[in-house]
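Asks: Handing you this structure, nothing more for now.
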């Protein structure tokens, strides 16, 4: 697991917590901030996943040589 994957997943969790807290307290701004952070975290985690897959594919290719 790489740094982008870890940070992205942490941002997703943090965003979800903010979203729920905002919803529970009626704070629309906090809820929107949580949704944005959750989406941003998902993008970052997906980037990290793609990076990891590319690294694995490159390793497999080199191992075949």
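Read-outs throughout are calculated quantities, based only on the coordinates presented, and are distinct from any laboratory measurement. For clarity, every value in this text was computed on a predicted model and none was experimentally measured. Neighbour counts are summed over all protein chains in view; Cβ atoms, including those assigned to glycine, are modelled from backbone coordinates with ideal geometry.
Asks: I need the full set of residues from the range 3-16 which are surrounded by fewer than 14 Cβ atoms within 10 Å (Cβ to Cβ) and more than 10 Å from the chain's Cα centre (by Cα), in order please.
Replies: Selection gives 3 alone.
Asks: Also, I was wondering about something else. Is at least one residue of the range 25-35 under 8 Å from the mean Cα position of the chain (by Cα) and surrounded by 13 or more Cβ atoms within 10 Å (Cβ to Cβ)? Let's see the steps before the verdict.
Replies: We begin by selecting, within the range 25-35, every residue under 8 Å from the mean Cα position of the chain (by Cα); these are none.
Scanning the range 25-35, I find no residue that is under 8 Å from the mean Cα position of the chain (by Cα) and surrounded by 13 or more Cβ atoms within 10 Å (Cβ to Cβ), so the answer is no.
Asks: How many residues are part of a helix (DSSP H, G or I) and either in contact (Cβ under 8 Å) with a residue 40 or more places away in the chain or on the phi > 0 side of the Ramachandran plot (or both) if we restrict to the range 8-50? Can you show your working first?
Replies: First, pick out the residues of the range 8-50 that are part of a helix (DSSP H, G or I): 8-25, 28-50.
If we keep only those that are either in contact (Cβ under 8 Å) with a residue 40 or more places away in the chain or on the phi > 0 side of the Ramachandran plot (or both) too, we end up with 8, 44-45, 47-49.
Looking only at that region, the number is 6.
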